[in-house]
Amino acid sequence: MSEPSFPGAVASERQHTIESTGVRLHALEWGDPQAAPVVLCHGMWDHARSFAVLAPLLAQRFRVIALDARGHGDSEWAHAYTWAADVLDIVNVLRWLGRRAHLIGHSKGGGQVTEAACVAPDLVSKVVNLDGFGPPSLPEDEKPTPERMAHFLDARRRIAQRRWRPYPSLDDLVERRQAQNPRLSREWLRYFLFYGAQESQDGWRWKHDPHMEHGFGPWRPDWIGPSYGALRAPLLAVTGSEPDTWGPLPPAILAERVAHVKHLERATVAGAGHFVHMERPRETAALISDFLGS
């Protein structure tokens, strides 16, 4: 099958393999290698080319590196997936760069770049979080207990041998993802999923590791806001104006969480849902560029 195209999507100029705790991570790069670096981190089940329109816009001023998280895209699969491992991967990419960088992340990636900036403050200049502020608080009876932890571990064991079923065609994958994210166009998803899946003799399968399905373990969303208190870098908190599958949070909950950030700016992308960088890449790039400065 020939490579699909999408208006504004630009192939990367360089590719890299970066080792982190024994896992080979794949990264794409756009822009002048001597410019100030920006590291882009995607959300759950996505991959580096989710930024294929945003990245070249930012690359007019910055060196832009988009990472495939472990178990996603063309990065290696791992034996287990923890939140801390993903955060350490981001820190190791910063160490690989060898200079301070800006961090930008969407959804899961937004939460993880924010934490990476807390872990390695001397390596991070500014942070942009694209609707990555976590889920609403859990009801009191769903908070972590020994029983919930046991259930989580049992579920991990059950899916350890899981393999994605094949889809007859790329268009079938597009329809599956579009049903989950109806705000994303089929034209975009066809481009995006061409790189997020692979074709074999029996059909198309997702590239990402199904072992990640049950997330990162029992955990309380109430911990998110207080964790932001350790952030030294300025943070731009971006959300879309339209209700969507995974966001934005109710205004009161979001306000309470970001209230812990010492140096905060907030912005809303009009006409976008959760995937602001896919739906409104030019508007999102303009907000980011203004925030990062020269």
Using a 1.4 Å probe and counting only protein heavy atoms, arrange TRP45, TRP206 so the residue with the most accessible area comes first.
-> TRP45, TRP206
GNM top mover of MET212, MET44, MET149 - the chain, alpha-carbon springs below 10 Å | MET149
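As a check on your grasp of the helix formula, calculate [θ] at 222 nm for the chain: sum -39500 (n - 2.57) over DSSP H runs of n ≥ 4, divide by the residue count, round to the nearest 500. Numbers along the way, then the final one.
Numbers: 10 runs with 96 residues, N = 294.
For the chain, the value works out to -9500 deg cm²/dmol.
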Cβ-defined net charge surrounding ALA36, 13 Å radius [Lys, Arg +1; Asp, Glu -1] = +4
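How high is the relative contact order of the range 1-69, given as a whole-number percent (alpha carbon pairs under 8 Å, six or more residues apart)? Could the numbers behind the result be given before it?
Working: 122 pairs, mean separation 24.9, N = 69.
Computed value for the range 1-69: 36 percent relative contact order.
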Can you give the net charge of the other residues whose Cβ lies under 12 Å from the Cβ of ALA286, counting K and R as +1 and D and E as -1?
-> +1
Unit charges on C-beta of K, R, D, E only; dipole of the range 175-294, Debye = 160
Computed for the chain: size of charge dipole around the Cα centre, +1 on C-beta of each Lys and Arg, -1 on C-beta of each Asp and Glu, debye to nearest 20, value 380
Potential lengthening between TRP164 and ASP122 on full extension [0.36 nm per residue; Cα-Cα distance subtracted] = 11.1 nm
Work out the charge dipole of the range 51-192 with +1 on the Cβ of Lys and Arg and -1 on the Cβ of Asp and Glu about the Cα centre, then indicate which of TRP164, ALA101, PRO136 is farthest towards its positive end.
-> ALA101
For the range 55-189, averaging the sequence separation of alpha carbon pairs under 8 Å that lie six or more residues apart and dividing by its residue count, the contact order in percent is 14
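Lys and Arg at +1, Asp and Glu at -1: add these up for the other residues within a Cβ distance under 13 Å of VAL124 and post the number.
Details: positive: ARG95, ARG99, ARG100, LYS126, ARG232; negative: GLU115, ASP122.
Neighbourhood net charge equals +3.
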Rank GLY31, GLY98, GLY71 by mean-square fluctuation in a GNM of the chain with C-alpha springs under 10 angstrom and give only the top-ranked residue.
-> GLY98
Per DSSP, loop trypsin sites (Lys or Arg not before Pro) in the range 236-294 with at most 15 further Cβ within 10 Å | LYS262
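Could you work out the relative contact order of the chain, using alpha carbon pairs under 8 angstrom and six or more residues apart, expressed as a whole percent? Numbers along the way, then the final one.
Numbers: 575 pairs, mean separation 54.5, N = 294.
It rounds to 19 percent for the chain.
Cross-chain or 8 or more residues apart, Cα under 21 Å: how many lysine pairs in the chain fit that? Count them up, please.
Lysine pairs meeting the criterion: 4.
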Highest-MSF residue in the chain out of PHE194, PHE62, PHE152 [GNM, Cα springs under 10 Å] = PHE152
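The values are calculated or read from the model by the stated rules, or taken from the named source; none is laboratory data. Owing to the predicted nature of the structure, the values given are computational and were not obtained by experimental measurement. Quick reminder, even Gly has a Cβ in these numbers, built from the backbone with ideal geometry, and neighbours come from all protein chains shown. Side chains are part of the model used for accessible areas, which takes the heavy atoms of the whole protein and leaves out ligands, DNA and RNA. Shrake-Rupley method; radii C 1.70, N 1.55, O 1.52, S 1.80 Å.
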